[in-house]
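The values are calculated or read from the model by the stated rules, or taken from the named source; none is laboratory data. Given the structure is predicted, the values throughout are model-derived calculations rather than measurements. Don't worry about glycine lacking a Cβ; one is built from the backbone with ideal geometry, like all the others, and counts go over all protein chains shown. For the accessible areas, the whole protein counts, side chains as well, though only heavy atoms, and no ligand, DNA or RNA atoms are used. Shrake-Rupley method; radii C 1.70, N 1.55, O 1.52, S 1.80 Å.
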Amino acid sequence: MAMLIDDFRYFMSNVSCHSLLRVSYKYRCSMARELEDCQTIINYFNYFELMYCLLRIHEESSDYFAIFLLLLAYVAYLLLMSIVVDQFFTPTVKILAMKLRLNEYLAGVTLLAFANSSPDFVANLMPIKKRGALFTCTIGHSLAVLLVCGGMICFLKPFQIDGHSTVQNLLFLTLAIELLTCIVFSGHRVTRADALVLLSFYGIFLIVNIADLLLIKHTIRTLRLELKDQRDGQAQSLENKKKLALLNDLEQNDVINFEWHRTHDADDFGMAILGSDSADYVAYRTILHSPSSSKNRLLFADLWDSLRPYDALEWQLGNCCQRLLIILKVPLLLLATLFVPVVDYGKHKHGWSKLLNCTQIVTNPFLIITAVHSKFASVYKSWYIDLKLDYSAWSFCLTVPLALFVFLDSRTDMPPRYHFFFITLSACSSLVLIVLCVGEIEILTSIVGAAFNLGETFVDITFGSLTNAIIDLLADFSLAMQGYDKMAFAAICAAPFFSIVVGLGVAFLFNSDVSIKGSTYWLYGEYGDNCYIFIMLAIFTQLWWCLTLNFSSRRSVGVFSWILYLLFLVYAIAAEFNLVHEFTRDDSFELQ
């Protein structure tokens with residue numbers, strides 16, 4: 001009897017949670033509670049226990065209805081993550097770029113690339129990915145970003161691409177893919193040393209980009225001094241004309257075009273917003289300020305205006321689809337606005353709302369600590385995680401007095417001097433929400449794929465990749481429409497590089513299973529060659545059209561990128577349904 005119990009426990013510890021979708025309905029509830037894999041892969045919610053224990057689904061029609069509800073939850077998480085990235089995280093990235101005096105290109109390949117790659121970075125660390133095809137999924141996501149998002153930027157707003165920076169990014173991406181392939185296949189496993197080599201490659205990338213920026217700054221300063229020192233009679237010489245043309249080209253293609261302004265009401269310096277938006281953010285800070293007004297004038301009206309979850313003008317000008325999207329986003333945007341501070345230099349008062357921000361000083365740390373502590377504890381009450389308040393309750397001792405001080409010290413018509421520090425709360429809470437959404441999206445994607453008998457890797461490189469690409473697309477679209485097209489395009493080229501060298505490097509460090517002999521098989525998966533071939537096609541065709549069109553993006557380039565990605569999807573679908581063979585070798589066995 002003891003042997004039977006041990007064998008049963010061993011069986012239960014090695015059965016996939018998705019296998020319960022293949023057993024009789026009367027056993028699904030008990031399996032959802034007893035299978036170790038079901039307890040491992042869940043994030044904040046156990047959807048199988050919700051479906052088969054709480055809702056008591058016992059027939060196929062109800063099962064499909066539950067899958068439909070999970071798809072709606074999938075869309076809700078996707079919308080929430082897009083709101084967080086677009087409304088809170090992206091403005092934070094722009095402000096950090098300004099404060100660090102980065103140019104548009106360097107901000108794109110560092111801060112914005114990190115922001116766009118954060119969902120991939122988080123997903124690779126999740127338990128559900130512990131034995132997943134990390135190589136294939138990361139390359140598939142990178143392919144979607146390059147072709148879908150890059151094509152969108154080129155189609156919507158053709159512009160002159162910074163040639164040397166784009167070529168440099170694409171070559172670094174090619175080297176990263178080849179390095180990753182070499183690491184995965186050498187020794188048929190991944191060691192900690194391999195992970196560190198992969199991570200160090202990102203350090204080389206940063207050094208090259210920073211050195212490039214410093215050299216360009218030095219060249220611009222040198223050319224300006226040389227042209228300034230020339231006598232008037234030599235101003236029109238051929239050599240000076242060449243220098244002037246080079247200077248104009250560097251100032252146009254590079255983004256060292258910072259305009260500094262001394263503020264009249266503070267001791268710090270202000271800086272014009274990057275890109276083509278010439279609005280001075282100092283004016284946006286003080287535009288509604290009136291020294292004669294009360295410090296709490298229109299306090300509740302200001303709160304209501306900040307919580308309004310839609311733009312009235314956008315609603316009036318929008319068509320039916322746009323209005324439907326606004327309606328769907330209203331509750332999620334209201335929820336995010338209640339707890340996540342807005343710090344955006346493109347808005348009046350930089351997004352400051354006195355009463356709302358003072359309450360967020362209390363609620364924001366409380367929710368962040370609760371969410372993080374609860375996830376680390378991973379104790380579940382039925383189908384949802386048990387919220388741990390042991391640590392977060394102590395945050396009130398610090399945040400309540402701090403909120404009272406800010407309320408007494410600040411005004412409603414102008415943000416306080418320390419408003420910039422709210423960016424810490426905004427960034428932390430944005431990352432927590434992104435982690436939550438990514439985790440739930442990964443689990444829901446795998447459940448829906450298993451319900452329709454689709455391979456987990458196939459679902460990840462198609463639906464999962466498109467999901468991530470849509471999130472990036474929303475952020476990049478917003479930046480492109482504001483005039484930051486170069487920043488957005490630089491991030492599109494650099495985000496895949498970040499996902500490969502940092503996203504996978506960190507995942508390899510913390511995933512002990514990749515060091516097991518033979519881990520190459522599941523790291524690469526059956527679609528590894530497909531993704532590798534198509535991403536190489538994407539990189540080399542991008543280099544080809546850049547050189548052919550003299551680094552001028554056109555609408556036809558966007559259409560070409562979308563067609564290439566459509567071919568990838570068609571081939572992946574055909575391979576999944578055995579209409580064609582994947583670009584991979586069949587497993588062979590030696591006969592004894």
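List of remarks:
- Residue check: Glu440 meets all listed conditions (1) modelled with pLDDT of 85 or more; (2) part of a loop (DSSP other than H, G, I, E, B); (3) closer than 30 Å to Gly525 by Cβ but one, namely (2).
- Residue tally, condition within 13 Å of Thr110 (Cα to Cα) and out of contact with any Gly (no Cβ under 8 Å at 6 or more places or on another chain), over segment 476-500: 5
- Every residue from segment 393-416 that is open to solvent by 20 Å² or more (accessible area, probe 1.4 Å) and part of a loop (DSSP other than H, G, I, E, B): Arg411, Met414
- Just one of the listed residues (Ile492, Ile443, Ile447, Ile470) is open to solvent by 40 Å² or more (accessible area, probe 1.4 Å), over 17 Å from Tyr571 (Cβ atoms) and touching a residue at least 24 places away in the same chain (Cβ under 8 Å), and it is Ile470.
- Qualifying residue in segment 178-198 (condition: open to solvent by less than 10 Å² (accessible area, probe 1.4 Å), closer than 26 Å to Asp485 by Cβ, assigned to a helix (DSSP H, G or I) and at pLDDT 85 or above): no
- Of the residues making up segment 350-373, at least one is within 30 Å of Ser30 (Cα to Cα), crowded, with 19+ Cβ neighbours inside 10 Å and at pLDDT 85 or above.
- The helices (runs of 4 or more DSSP H) found wholly in segment 512-592 and carrying at least 2 residues that are open to solvent by less than 50 Å² (accessible area, probe 1.4 Å) and farther than 30 Å from Pro127 by Cβ occupy 528-548, 555-576.
- Going through (1) open to solvent by less than 40 Å² (accessible area, probe 1.4 Å); (2) in contact with a Ser or Thr (Cβ under 9 Å, 6 or more places away or on another chain); (3) more than 30 Å from Ile327 (Cβ to Cβ); (4) not aromatic (Phe, Trp, Tyr) one by one, Met126 falls short only on (2).
- Met152 over 24 Å from Leu567 (Cα atoms) and either touching a residue at least 40 places away in the same chain (Cβ under 8 Å) or in contact with a Pro (Cβ under 6 Å, 6 or more places away or on another chain) (or both): no
- Taking segment 16-118 as the region of interest, the helices (runs of 4 or more DSSP H) fully inside it that hold 3 or more residues being aliphatic (A, V, I, L, M) and open to solvent by 60 Å² or more (accessible area, probe 1.4 Å) are 60-83.
- For segment 473-486, the count of residues that are over 30 Å from Asn364 (Cβ atoms), of a type in the set (Lys, Arg) and within 19 Å of the chain's Cα centre (by Cα) is at least one.
- Subset of segment 374-392 (residues that are open to solvent by 50 Å² or more (accessible area, probe 1.4 Å), in contact (Cβ under 8 Å) with a residue 24 or more places away in the chain and part of a helix (DSSP H, G or I)): Lys375
- The residue that is nearest to Cys38 (Cα to Cα), counting only those in segment 366-391 that are in contact with a helix residue (DSSP H, G or I) (Cβ under 6 Å, 6 or more places away or on another chain) and among the β-branched types (Val, Ile, Thr), is Ile385.
- Among residues that are open to solvent by 10 Å² or more (accessible area, probe 1.4 Å), touching a residue at least 40 places away in the same chain (Cβ under 8 Å) and over 13 Å from the mean Cα position of the chain (by Cα), Cys428 is included.
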